[in-house]
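Okay, handing you the structure first.
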Amino acid sequence: MSDDPNALADAYERVVDALEYQSGATYEPEVDPAGPDEQIQLQKACRLLRACDYLYEREFYGSVVEMAFGAMERTLESYMIAVLGSELSDFQNHTDVYERAETHGPISREMAQNLKALYANNRTDYYYDNAVSTEEIAAAMHELATELHHFVVTHSTTHQFERYCSCVDG
């Protein structure tokens, strides 16, 4: 018998049920669960960037930093899935996407290495250590994620990422 409170156990069961879609599902707006992987990843990035806007205005700077990293990863994954034929399973940790971008674009090798180093040298300090984010860090990270997203969405004319993007004016 568990020593956990009933409310905790019940909440856990509801999460397991929701993750298995057993109780029906109301999907996140602007993310098409039936779309191809590159579309889903790009739409997730758009939603993360929108959440960055919302949370920045409310001074949740640490959350903005986290979501900005996530938006950059989803954006690059989308590109690599569409252009290179990568699979989501190719991205099993947070640095895989930057390593792949070093040799396969869409950004320069130097920028991919810079982003990987930014992640390795800073993100863990804010996530696992006691570093506290600031307004300036959040603003800079949000700008970086937005610029990367915009570049990737408008970079490839063959894959027309604009059709999936809800945050970049075409």
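The values are calculated or read from the model by the stated rules, or taken from the named source; none is laboratory data. Everything numeric here is computed off the predicted structure, so don't read it as measured data. Backbone-built Cβ (ideal geometry, glycine too); neighbour counts: all protein chains shown. Protein only, heavy atoms only, side chains kept; ligands, DNA and RNA dropped before computing areas. Shrake-Rupley method; radii C 1.70, N 1.55, O 1.52, S 1.80 Å.
Which condition number in (1) assigned to a loop (DSSP other than H, G, I, E, B); (2) open to solvent by 70 Å² or more (accessible area, probe 1.4 Å); (3) modelled with pLDDT of 90 or more; (4) not charged (D, E, K, R) is the one that I107 fails?
(2)
Identify the single condition in (1) within 25 Å of P33 (Cβ to Cβ); (2) open to solvent by 20 Å² or more (accessible area, probe 1.4 Å) that E99 does not satisfy, given that it satisfies every other one.
(1)
Here's another thing I want to ask about it. Name the residues in the range 150-168 that are assigned to a helix (DSSP H, G or I) and surrounded by fewer than 17 Cβ atoms within 10 Å (Cβ to Cβ), would you?
Correct list: H150, F151, T154, H155, E162, R163.
Could you grab me the full set of residues in the range 81-106 that are closer than 18 Å to Y164 by Cβ and of a type in the set (V, I, T)?
Listed by number, the residues that qualify are I81, V83, V97.
Which one is nearest to M72 (Cα to Cα) among residues in the range 110-122 that are hydrophobic (A, V, I, L, M, F, W, C) and surrounded by 14 or more Cβ atoms within 10 Å (Cβ to Cβ)?
Restricting to residues being hydrophobic (A, V, I, L, M, F, W, C) and surrounded by 14 or more Cβ atoms within 10 Å (Cβ to Cβ), the top hit is L115.
Looking at the range 123-149, which of its residues are open to solvent by less than 60 Å² (accessible area, probe 1.4 Å) and modelled with pLDDT under 90?
Within the range 123-149, R123, T124, D125, A131, S133 meet the criteria.
Can you name the number of the only condition in (1) among the aliphatic types (A, V, I, L, M); (2) free of Cβ contacts under 8 Å to residues at least 60 places away in the same chain; (3) part of a helix (DSSP H, G or I) that A139 fails?
With respect to (1) among the aliphatic types (A, V, I, L, M); (2) free of Cβ contacts under 8 Å to residues at least 60 places away in the same chain; (3) part of a helix (DSSP H, G or I), A139 is out only on (2).
Follow-up question, since we're still on this one. Residue pairs, Cβ under 6 Å, 6 or more apart or interchain, first in the range 94-123 and in contact (Cβ under 8 Å) with a residue 40 or more places away in the chain and under 19 Å from F151 (Cβ atoms), second assigned to a helix (DSSP H, G or I) and among the small types (G, A, S). List them.
Pairs found: I107/A101.
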